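Reading through the structure tokens given below for one structure.
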Amino acid sequence: MHYHTPASFDEAAALAASATGITRFLAGGTDVLVQLRADIVTPDTLIDIKHIAGVHDIIQMPNGGWQIGIAVTGAEMTEHPALAAAWPGVVEAMDLVGSTQIQGRATLTGNLCNGSPAADSVPAMVAADASVSVCGPKGAHKVAVLDIPTAPGRTSLAKGEMVTAINLPAREPGGGDAYLRFIPRTEMDIAVVGCGVNLRVDGGKITHARVSLGAVAPTVLLVGEAADAIIGSTLDDAALDRLAAAASAACNPIDDKRGTIEFRIHVAGVLARRTAKIAYDRAIAAGE
Amino acid sequence: MSLDDVKTSGFKYVGTSPDRPDGVDKVTGRAKFGADAYAAGMLHGAIVRSPHAHARIISIDTTKAAAAEGVKAIVTRADFHTDLSGENWNIMENVMAGDTALYDGHAVAAIAATSVLAARDAAKLVEVTYEILPHVTDVDEAMAQGAPIIRAGAADNSVPDGLHPNVVRYHESGHGDVDAGFAEADLVIEDHFRTEATHQGYIEPHACLGTLGGDGKGEMWCTTQGHWNVQKICSALLGMETSQLRVTASEIGGGFGGKTTVFIEPVALALSRIANRPVKIVMSRSEVFRASGPTSSTSMDVKIGMKKDGTITAAKGVFRLQGGAFPSAPMEFTAMCAFAPYNLSNVKQIGYDVMANRPKQAAYRAPGSPMAAFAVESVIDELCKELGLDPIDTRLKNASHEGTKASYGPTFQRIGLVETLEAAKAHPHYSAPLKPGQGRGISCGFWFNFGGETSVSLALSMDGSAQIVVGTPDIGGSRASMALMAAEELGIPYENIRCTIADTASLGYNEVSHGSRVTYASGLATIKAARDAVKKLCGRAAAKWGIDPEAVDWVDGCAVPSGPNAGDFDPMPIAEICKRMGSTGGPIVGHFEASPEGAGVSFATHIVDAEVDPETGKTSIVRYTVVQDAGKAIHPAYVEGQYQGGAAQGIGWALNEEYIYGKDGRLQNDVFLDYRIPVASDLPMIDTVIVEVPNPGHPYGVRGVGETSIVPPMAAIANAVSQAAGVRMTELPMSPPRVLKAMDDAKGG
Amino acid sequence: MSKIHVTTSVNGDAVEFLCDPRETLLDVLRDRLHLTGAKEGCGTGDCGACSVTLDGRLVCSCLVLGAEAEGHEIGTIEGIANGEELHPLQQKFIEHAALQCGICTPGILVATKALLEKNPDPTETEVRYWLAGNLCRCTGYDKIIRAVMDTAADLRSDMKEAT
Ligand SMILES: Cc1cc2nc3c(=O)[nH]c(=O)nc-3n(C[C@H](O)[C@H](O)[C@H](O)COP(=O)(O)OP(=O)(O)OC[C@H]3O[C@@H](n4cnc5c(N)ncnc54)[C@H](O)[C@@H]3O)c2cc1C
Ligand code: FES
Ligand code: FES
């Protein structure tokens, strides 16, 4: 294994482009090092991105949107009051990742690029309509977070491409988001089901909504039917029932050590209700 | 010993909770645990393990591994002693596979190299050719007709004809006529229960550092609950004389029964013998889960008859335990403990020890008993519910007491079950109101406790301070308890005593720290050794005073004449006697070497409140109270710690912990992230009540406390969850999918 | 395979070492620097026994490469006491019998010290969630939580007295 500490994105991407064998970027390392220790993946080339200028910054853009550096840890996000106020669902989702110790290292980018269908921050980012900035042989461009994961452990990033930042849109007035996951314990578990909801209200009525699900399909799901089920409503019981049904219907899960198919389908509906209520309350509070 | 000889009051040191002697070492990181030893020239070992649940080993090609950088030795089964039988053979087979890999994770070869990474890399280069055989991991399936046979001819002659060869031992016990008893009952309930295997989950993985030279002399440093046992087994497996191997126990990072046997220790010695250098082996967490001892999994049927007034008329249990690919499941303990809390005229219990393609089970706190309690106490709860009876009153009505003929044979001496039930009933927890969605469960639990070979010596120093040398590793503060008991006997301050865990060359044989025996047996031995020393001290004073040794008493650390007739002398303090010991007869050392047998059984009653999320089936434990008889709590804070720790492990076992095997027979959840032991935020504070009903078999009335605390939790929680969920839970763990499904099925049907 | 030269600071001492790129900070602390207070309970971030601070931030040393320590400040259990004088948390852990076997204790002390520096007045729930990544199999956490809460209360009253 060769370990590199490039000082710029270009240098990092060039290293990745020219490397042979297995290449990994090292952000917080909380996936990379586990896979190394467990003999699942031993990279030939390991590119530590933490020495690149600006990667530790959280920046609010002139348009109100947010740019989160690729080495920003979960703990640093939680400690950023303005970000937490704008995107509480995304921040809380990242905060659910692992323990205090993991929070000291783990990044949004790593969570996304590791490609786990159960990654907690990913449904929250998808609900938020987040995108990533990518650099590489094809030059700099943006890709929707939704389009990054392609299968468990796989992403759409080509050889030599890397994420250079995560972009969250500006929080619009009357908007709120939330993320909940189901785990059997209170902490230190991988999501059996995760659900992100981001919505906007006007006069109590939901005008826009995005509902996403994690751990119920090979990749994160953006469930249009679930959003449609609550748009135009005041999140009354009937709307919640429709939402739960749509969320459950969208699931395509597997039976594994963490949960059964039927359990995941059922809990997806339960979580969708609970998450939507929190997002709705936040949106109402924001609109006041 | 009778109760008259038991000191139950007037203690000065016993019953207080001073700081433990090894406290500073353990809070500063100085304490040396298994993996903390290093030796000059040391090599690192790595073990090659079978990825198959059951496979014939056709060949092991080590050519590439041997050529890899830094590799100094490779061993396979051929490098161990061949002439083994009985349990030694079983352990050998588990430590290193012979012809056949018997479970996922079974060791097949091992490497020693100059660094950890070199050893791990080389292990990947060992080429093992397997012929995959059909496998079975479930206990019921392993007993069923047509199940793959794990080892023909492994059954002993207890097994009735006609059973599958995987059934290797059979147990039957009880008394009375259960059929007649069931006929007398107003209500008979029979149910089927299953529990999955769990792991002890000690945070410290197995670790050892072994040296075996060409001179046939060996040294072993390891984390273990019993180093004499390590000495005995390792020497047998390596074909060496027992006394030529000296074993030193490191500080031990938890064991709970799982460190009572050996796994890597003989391998390190075998590698060292070839490389002629010290070899250290440390298991990874995944290896701990895959290849060290979990518990048995079980399938059980329990049937109990009750009269309307709550009297149990008869009880019968059938307990099938899978203990891995070896005859080892503790099914007789399961059977014998099952109904022990109750005074029954008609009782019968049957046990089956079943082999399956899993690692050899190892003891886990009260081995076998928690599963039985889960089944039995669930049925009692259901009977109480159907008959409208209070669960504590009903248990009190049937409770075993002094003079009861135990379900497993003997007649109970003084025991404390009734006292624990009464204390539970009086506890504010039992009458506290429940919130909607919550349920309350109670359960009793029983464990035998053990004595076993024990040897202690207590040497006095010239300044009158004392050093106790014991042979039982300190897992949870036992040095403090030993020092307290010695202080009590010698009449000198606790701080003036140092307790050391001796290596195998420094003391006689000590049985493994298991069966809750340490405070009981090493404690008894410490008291007896102190009394032996006191006798010698009195003798020195008597000689000085020129009176009869019988005329000298020991009071508050001084020799005093026993009465006016003995003579008029000033008390002679211990320091004064010790200062002159060289010239008055030589060193003063007290000894005790024996196998105490009066361990004194112990009972507990637990109360738990659980809340179930009706939409997801997720359970939270909202309140927990442990009531247990300690006989006498020497160091109450550590007794409470044992109660709380047992309860916490029981909560894990009840709710989420389980071995999950895939269809391929491989363990799916070999990391803590997926083997879900309770984390801090999962648990409430755990309230404790120490009941003290003296054990007639110990000078201070001590009973072991380490194990009984894990017996009631699963049943108590199952009773609470069943009440909260509105449906009887009969399978462990009561994980959210399982509870949700049970609730759905109950609604549907 | 060639080794990486790393210059770093451990408990305030300047330290240099050579390590394989695959070696973790935990491996380096234990096997190269012989600071064996940090323990490996899992090697995969699940148990917290290897907890250390990296520039003051609580991390699992098993999930940091030795090479990543370059230029940073590492704090371990060995640096918590001031010579003979125990940190109040260490003292309270002994007093409250908050350790049984003691294998989890170094990690839990490093973690709780980091907690109290950030939040001197945590609730029981906050302590429990902060420590969710520090497994203890012996105690059921009860006495650990009590020791932490008691230390926090003491430190707060010391602060008051000092001001
Ligand atoms: C104990 C424990 C508990 C955990 N709990 C959770 C949990 O609850 N929920 C959850 O979702 N996850 C959990 N995880 C997984 C992990 O912590 C998260 O996925 C984390 O967010 C990964 O971030 P990282 O910075 O550590 O990633 P790294 O390990 O550094 O990298 C992960 C992957 O992302 C790639 N990558 C990193 N940066 C870039 C980049 N700039 N461009 C392209 N690719 C990149 C790497 O090549 C690698 O494949 C847990 C892990 C542990 C050890
Ligand atoms: S050893 Fe690092 S978290 Fe367990
Ligand atoms: S005291 Fe043993 S693991 Fe915590």
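Values as computed for the structure displayed
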| quantity | calculated |
| --- | --- |
| Matching residues in segment A:1-38 - criterion: being facing another protein chain (nearest Cβ under 10 Å) and more than 16 Å from ligand 2 (Cβ to nearest atom) | A:M1, A:H2, A:Y3, A:H4, A:T5, A:L26 |
| Which numbered condition C:Q100 fails, given (1) polar (S, T, N, Q); (2) under 15 Å from the mean Cα position of the chain (by Cα); (3) closer than 18 Å to B:G254 by Cβ | (2) |
| Residues of segment B:139-162 satisfying the condition of being part of a loop (DSSP other than H, G, I, E, B), open to solvent by less than 50 Å² (accessible area, probe 1.4 Å) and β-branched (V, I, T) | B:I150, B:V159 |
| Identity of the residue in segment C:111-126, open to solvent by less than 10 Å² (accessible area, probe 1.4 Å) and under 9 Å from the mean Cα position of the chain (by Cα), that ends up farthest from the other protein chains (Cβ to nearest Cβ) | C:T112 |
| Test: residue in segment C:51-65 that is in a helix (DSSP H, G or I), within 16 Å of ligand 1 (Cβ to nearest atom) and among the hydrophobic types (A, V, I, L, M, F, W, C) | yes |
| Counted residues, segment A:94-117 - those being more than 14 Å from chain C (Cβ to nearest Cβ) and in contact with a Lys or Arg (Cβ under 8 Å, 6 or more places away or on another chain) | 1 |
| Conditions (1) more than 19 Å from A:G110 (Cα to Cα); (2) open to solvent by less than 40 Å² (accessible area, probe 1.4 Å); (3) more than 16 Å from ligand 2 (Cβ to nearest atom); number of the one not met by A:V132 | (1) |
| Filter result for the condition that a residue is within 13 Å of the chain's Cα centre (by Cα) and crowded, with 24+ Cβ neighbours inside 10 Å, over C:C136, C:C60 | C:C60 |
| Single match in C:G71, C:G102, C:G41 (criterion: within 10 Å of chain B (Cβ to nearest Cβ), part of a loop (DSSP other than H, G, I, E, B) and more than 11 Å from ligand 2 (Cβ to nearest atom)) | C:G102 |
| Selection count, segment C:44-59, where residues are more than 16 Å from ligand 3 (Cβ to nearest atom) and either at the interface with chain B (Cβ under 10 Å from one of its Cβ atoms) or not basic (K, R) (or both) | 9 |
| Extreme residue, nearest to ligand 1 (Cβ to nearest atom), among residues of segment A:102-113 that are within 12 Å of A:L33 (Cβ to Cβ) and not β-branched (V, I, T) | A:G110 |
| Unique match (being within 30 Å of B:G476 (Cα to Cα) and out of contact with any strand residue (DSSP E or B) (no Cβ under 8 Å at 6 or more places or on another chain)) among B:E593, B:E597 | B:E597 |
| Listing of strands (runs of 3 or more DSSP E) fully contained in segment B:482-575 that carry 3 or more residues being of a type outside the set (F, W, Y), in contact with a strand residue (DSSP E or B) (Cβ under 8 Å, 6 or more places away or on another chain) and surrounded by fewer than 23 Cβ atoms within 10 Å (Cβ to Cβ) | B:558-561 |
| Subset of segment B:664-695 (residues that are away from ligand 3 (no atom under 16 Å from the Cβ) and open to solvent by less than 10 Å² (accessible area, probe 1.4 Å)) | B:G665, B:N669, B:V693, B:N695 |
| Residue within segment C:152-161 that is part of a helix (DSSP H, G or I) and either within 16 Å of ligand 2 (Cβ to nearest atom) or buried (at least 24 other Cβ atoms within 10 Å of the Cβ) (or both) present | no |
| Flag if C:H96 is open to solvent by 10 Å² or more (accessible area, probe 1.4 Å), over 30 Å from A:T42 (Cα atoms), away from ligand 1 (no atom under 16 Å from the Cβ) and not charged (D, E, K, R) | yes |
| Those residues of segment B:602-618 which are open to solvent by 20 Å² or more (accessible area, probe 1.4 Å) and within 30 Å of B:P341 (Cβ to Cβ), in sequence order | B:E611 |
| Criterion violated by B:F333 - all others in (1) in a strand (DSSP E or B); (2) more than 14 Å from every other protein chain (Cβ to nearest Cβ) satisfied | (1) |
| Helices (runs of 4 or more DSSP H) lying entirely in segment A:32-113 (those with 2 or more residues that are open to solvent by 50 Å² or more (accessible area, probe 1.4 Å)) | A:74-78, A:81-86, A:88-96 |
| Selection from segment A:182-200 of residues that are on the phi < 0 side of the Ramachandran plot and either crowded, with 24+ Cβ neighbours inside 10 Å or acidic (D, E) (or both) | A:F182, A:E187, A:D189, A:A191, A:V192, A:V193, A:G194, A:C195, A:G196, A:V197, A:N198, A:L199 |
| Test: residue in segment B:191-207 that is open to solvent by less than 40 Å² (accessible area, probe 1.4 Å) and at pLDDT below 95 | no |
| Breaking point among (1) closer than 30 Å to B:S513 by Cβ; (2) at the interface with another protein chain (Cβ under 9 Å from one of its Cβ atoms); (3) among the hydrophobic types (A, V, I, L, M, F, W, C), for C:A147 | (2) |
| Within segment B:614-639, tally of residues that are within 14 Å of chain C (Cβ to nearest Cβ) and touching a strand residue (DSSP E or B) at 6+ places or on another chain (Cβ under 7 Å) | 11 |
| Filter result for C:A147 (within 16 Å of ligand 2 (Cβ to nearest atom), assigned to a helix (DSSP H, G or I), touching a helix residue (DSSP H, G or I) at 6+ places or on another chain (Cβ under 8 Å) and of a type in the set (A, V, I, L, M, F, W, C)) | no |
| Filtered residues of segment A:227-272 (kept if more than 21 Å from A:P117 (Cα to Cα) and among the charged types (D, E, K, R)) | A:D228, A:D236, A:D237, A:D241, A:R242 |
| Filtered residue count, segment B:281-314, keeping only those that are of a type in the set (D, E, K, R) and either open to solvent by less than 10 Å² (accessible area, probe 1.4 Å) or at pLDDT below 95 (or both) | 1 |
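Here is a yes/no grid of residues against (1) in contact with a strand residue (DSSP E or B) (Cβ under 8 Å, 6 or more places away or on another chain); (2) within 16 Å of ligand 3 (Cβ to nearest atom); (3) on the phi < 0 side of the Ramachandran plot:
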residue	(1), (2), (3)
C:T8	yes, no, yes
C:L33	yes, no, yes
C:C62	yes, no, yes
C:H87	no, no, yes
C:E95	no, yes, yes
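Rundown of residues vs (1) in the same structural domain as A:T45 (by TED's automatic domain parsing); (2) part of a loop (DSSP other than H, G, I, E, B), yes/no style:
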{"position": "A:G139", "(1), (2)": "yes, yes"}
{"position": "A:L146", "(1), (2)": "yes, no"}
{"position": "A:T150", "(1), (2)": "yes, no"}
{"position": "A:L157", "(1), (2)": "yes, yes"}
{"position": "A:T164", "(1), (2)": "yes, no"}
{"position": "A:L180", "(1), (2)": "no, no"}
{"position": "A:P184", "(1), (2)": "no, yes"}
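The values are calculated or read from the model by the stated rules, or taken from the named source; none is laboratory data. Values in this document were obtained by computation on a predicted structure and should not be read as measured data. With ideal geometry, Cβ positions are generated from the backbone for all residues, glycine too; neighbour counts draw on all protein chains shown. When the accessible area is computed, the model is the full protein with side chains, heavy atoms only, and any ligands, DNA or RNA have been set aside. Shrake-Rupley method; radii C 1.70, N 1.55, O 1.52, S 1.80 Å.
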